[in-house]
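To start, the structure under review is shown below, and the notes come after it.
None of the figures in this text is laboratory data; all of them are computed from the coordinates on show. Computed from a predicted structure; not experimentally measured. Counting neighbours? That spans all protein chains shown, and the Cβs are built from the backbone with ideal geometry, glycine included.
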Amino acid sequence: MSSLSELLTDGGVKAERLLLRELAHRIDDELASAIDLVAQAADRCDGIEARATLASVQDRLEGHAQLHHALQMPQFTTTVDLAAYLQQLCRSISRSSLEDKGIALSLLLHPLQMSSERCWLLGMIVFELITGAVRHVSHCGAGAIRLEVWLTATSVACSVMDNGSSDESRYREEDRSIVETLAARLHGTVDVRGGPDGFRTVVTIPR
């Protein structure tokens, strides 16, 4: 029987994709099981406060499950609407990570048909940028993050801006590496800017 490393070496990208999909399915199953256990506990609970707490935990887990599903690698190559995909992704991010912190996420998106793989990669970039922004905006009801996507004749630009610290040094090397690696897969560029209104990262990819 081949080892994991041998599978990845011999099977290349195809084997890697199969392994990632299998891992994603297992995570989906574990999350579904956890949600079911919490729901059962809430049904058996008599205390109003405890039941409310369990309902909140269930809602949070369901948000993470939706987010995990939205970030999964597409199984088939097809054409999807980028704006619709990002709306769904951002709803999941808000539910799982922003709402309980009082952080508002606003969107200004341009409809665009794009291959499912490119759309997924851009979604991963958006997720990384928003997750990074969460660490720096206010968690007291005044935090704001804005996602914008617009088109030029030759490119698609994706901007994530927040009203947190404008110091460019906050952009950690780990964050930069992930975003730049994903952007490179799309033959894109990353521009980081700090200003008086906050912090902004613009990723530009060819159409």
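Annotations
- 3J(HN,Hα) from dihedral phi, region 87-95, Karplus parametrisation 6.51/-1.76/1.60, rounded to Hz, x for glycine, proline: 4, 5, 4, 5, 4, 5, 5, 4, 5
- Simple label model, 7 Å out from Cα along Cβ direction - ALA41 to SER56, nm: 1.4 nm
- For peptides 116-128, 40-52, sequence by mean Cβ density within 10 Å, most packed first: 116-128, 40-52
- Peptides 71-81, 85-95 ordered by average Cβ neighbours within 10 Å, highest first: 85-95, 71-81
- Annotation: amide H of ALA104 within the under-5 Å range of GLY143, ALA144, ILE145, sequence separation 5 or more or interchain, hydrogens built in the peptide plane.
- The ratio of the alpha-carbon radius of gyration of region 52-160 to the globular-protein estimate 2.2 N^0.38 Å is 1.12.
- Karplus 3J(HN,Hα) series, Hz, for region 191-200 with 6.51 cos²θ - 1.76 cosθ + 1.60 (x for Gly, Pro): 10, 10, 9, x, x, x, 8, x, 10, 9
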